[in-house]
Amino acid sequence: MSGLNELYQELILDHNKNPRNFKKIENADKLVEGYNPLCGDHYTIYLNMDGDLIKDIGFQGAGCAISKASASMMTTAVKGVTKKEAEELFTKFHALVTRDVHDNNEANIEELGCLGALAGVAEFPARIKCASLAWHALHGALNSEDKAVVSTEDSKMD
Amino acid sequence: MKTQSQSTATEIETAPSFDVQRIREDFPILKQKVHGKPLVYLDNAATSQKPQAVIDTLTRYYLGQNANIHRGVHYLSEIATYEYEKARGKVKLFLNASDSREIIFVRGTTEGINLVKDTYGRKFIGKNDEIVISAMEHHSNIVPWQILCEEKGAKLRVIPMNDRGELLLDEYEKLLNEHTKFVSVVYVSNSLGTINPIKKIIQRAHERGIPVLVDGAQAASHLKVNVQDLDCDFFVFSGHKVFGPTGIGALYGKTKYLEQMPPYQGGGDMISSVTFEKTTYNVLPYKFEAGTPNIADVIGMGTGIDYVTGVGFEAITAYEKELLKYATEAISNIEGVRIIGTAEEKAGVISFVLGTVHAHDVGTILDQEGIAVRTGHHCTQPVMQRFGIPATARASFAFYNTMEEVDALARGLGKVKEIFGA
Ligand SMILES: Cc1ncc(COP(=O)(O)O)c(C=O)c1O
């Protein structure tokens, strides 16, 4: 697979159409908004923590297929893991979508399970922000007291 | 002899009124392939491509004319000054201003609006005064006025629009009152394509003695602009949207206003004499052009203007009308498409949403087909809010676009639907 077919593969289209954990958590311990002012993608992520453990996670909002599928997959990947594990996943995921496509590192993709489906994003530099928006928001939530807003333009992040 | 002249006559009669293929030859970038497909450039509202003549002008300037202007007696400086001022004359004719001194070079539309806000606005707009803009302004005609309102305690009032993207003139009239000190409205909307009844808008304001600025960023490449006929007090546009270089544009202002306005920036060229006690400002237009200007691009912009006026606005308007009609049909025939901006009077801009597919995904898939469109809010977030959508995909045309390119766009949208099962 390459190019568009890889970017818009079945699994991603499915997560876009039927996002998992697409819910608001009332009385969430942590709430963070992820916002990309350039394209308007906007999500709120809700977290319930048990100490360092992500007990429950939900998200709501709107954006492109890549940002929504990525947010959905992220929630399935981090539910029930510790803060540290979630941050490690983020680091690996970030490396995956920002990797140099010319020296493809398959091993990395395997390790990430379903998140690996987003590997195709690396071929579309304009879309890396879409794929990592929810992750940046999660990162913000895990490292904030309770409420925060994370914008993709704040720190030139990608 | 006789046959020859006869055949020429028939040729002229049957020749297509607009030879788009010949025009495309003048734009080298259009020959390019993108992702292995011929480039279909439909992002002209963001910036237009440049004809060879403009590229040559820039090269010629740096190869043989480069010098600073208005300050040398040497040969190159005289040539550069001559070319620079000649370009001012071209802008004057382009806008049909009555005097070259009413043409001020700025970085673009954004700087032009900010100049008026910083000079006219700061001097003449105060507490509880009102500034009127419209619901379809580009951020560059919203934010400067908001900053001024904040600074002065003035208020921003907004002319609403209907669901087709047309301004409500009755509502506009109701907004005008004794507190209204300025009106700043876009001529052609970059996100909806609407051509506003700008002359009427100006008349209504003038009946109350209120000056009007026209954001002509999108108008300048599609319509013949005549500032004297419009009777606008200020008009701004960007060279890069009129087939010229980036980083340059012009502000037209009526002499009576420009003379009352304080300078914009202080520095060289904008003064006639300086002592530590007192500085006397230079005459128009130099009072507003501090420092070494963007000489090369001013001259390049002049060539861009020569190019469009050479093609001729009558021909351009007629051809673009056909193109818009053809494209509107082709796009609205695709199931699931909703066109945003369906005004009676429109320029070559089609904003649309495609079912539940996000504009960003539309843009990525079209790009793989070599088709460049803009996706997002087009620096008009309030327009998106008005229509309750996060973003649109936008195809915007120039006179070098073809019907075949419209067909390619329609095929590309078919591909989007295929991928998304929409
Ligand atoms: C209607 C309108 N106004 C203002 C601008 C700002 O122009 P510039 O970015 O060249 O200053 C644009 C261009 O994006 C526009 O379309």
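For B:Val34, the residues 5 or more places off, or on other chains, whose built amide H falls under 5 Å of its own are B:Leu39.
Highest mean packing comes first when the peptides B:311-324, B:100-113, B:138-151 are listed by Cβ atoms within 10 Å, giving B:100-113, B:138-151, B:311-324. Placing a pseudo-label 7 Å from each Cα along the Cα-to-Cβ vector at B:Asn96 and A:Asn143 gives an inter-label distance of 6.0 nm. Considering all C-alpha pairs of the range B:55-310, those separated by over 23 Å amount to 51%.
Of the residues B:Phe276, B:Leu251, B:Ile334, the one whose Cα sits farthest toward the positive end of the charge dipole of the range B:247-346, with +1 on the Cβ of Lys and Arg and -1 on the Cβ of Asp and Glu, is B:Phe276. Charged neighbours of B:Pro160, selected by a Cβ distance under 9 Å, balance to 0 (K, R count +1; D, E count -1). Taking Cα pairs under 8 Å and at least six residues apart, what relative contact order does chain B come out at, in percent? Over chain B, the number comes to 22 percent. Rg and Dmax, both from the Cα atoms of the range B:69-198 and both in Å, are 18.4, 60. The sum of -39500 (n - 2.57) across all DSSP H runs of n ≥ 4, divided by the residue count of chain B, sets its helix-only mean residue ellipticity at 222 nm to -12000 deg cm²/dmol. Here the range A:2-152 is described by how far its Cα atoms reach on the three principal axes: 43, 30, 25 Å, from widest to narrowest.
Under 20 Å from a label point set 7 Å out along the Cα-to-Cβ vector of B:Ser17, the amide N atoms of the range B:364-408 belong to B:397-404. With semi-axes defined as the square roots of five times the eigenvalues of the C-alpha gyration tensor, the equivalent ellipsoid of the range B:275-422 measures 40, 21, 15 Å, largest first. Relative contact order, whole percent, for the range A:2-152 stands at 31, derived from Cα pairs under 8 Å and 6 or more residues apart.
Over the range B:75-161, Cα pairs under 8 Å with separation of 6+ residues give a relative contact order of 25 percent.
The calculated P(r) of the range B:194-316, using every Cα pair and 5 Å bins from 0, goes 2, 10, 16, 18, 18, 16, 11, 6, 2, 1, 0, 0 in percent. Cross-linked pairs A:Lys30/A:Lys92; B:Lys86/B:Lys256; B:Lys199/B:Lys254: Cα-Cα separations exceed 19 Å for A:Lys30/A:Lys92; B:Lys86/B:Lys256.
Shape analysis of the protein assembly as shown based on the Cα gyration tensor places the equivalent ellipsoid semi-axes at 45, 31, 25 Å, largest first.
Here's the picture: charge each Lys and Arg Cβ at +1 and each Asp and Glu Cβ at -1 in chain B, and of B:His378, B:Ser184, B:Asn196 the one pushed furthest to the positive end of that dipole is B:Ser184. Farthest towards the positive end of the charge dipole of the range A:2-152, among the residues A:His136, A:Tyr43, A:Ala77, is the Cα of A:Tyr43, using unit charges on the Cβ of Lys, Arg, Asp and Glu.
Secondary structure note: in the range B:55-310, about 50% of the DSSP beta bridges are antiparallel.
What the phi angles of the range B:293-308 give under the Karplus curve with 6.51, -1.76 and 1.60, with θ = phi - 60°, is a coupling list of x, 7, 4, 4, 6, 4, 5, x, 4, x, 5, x, 5, 4, 4, 5 Hz, glycine and proline written as x.
Since every read-out is calculated from the coordinates, none of them should be taken as a lab result. Because the structure is a prediction, the values reported are computed rather than measured. Note that we place each Cβ from the backbone using ideal geometry, even for glycine, and neighbour counts take in every protein chain shown.
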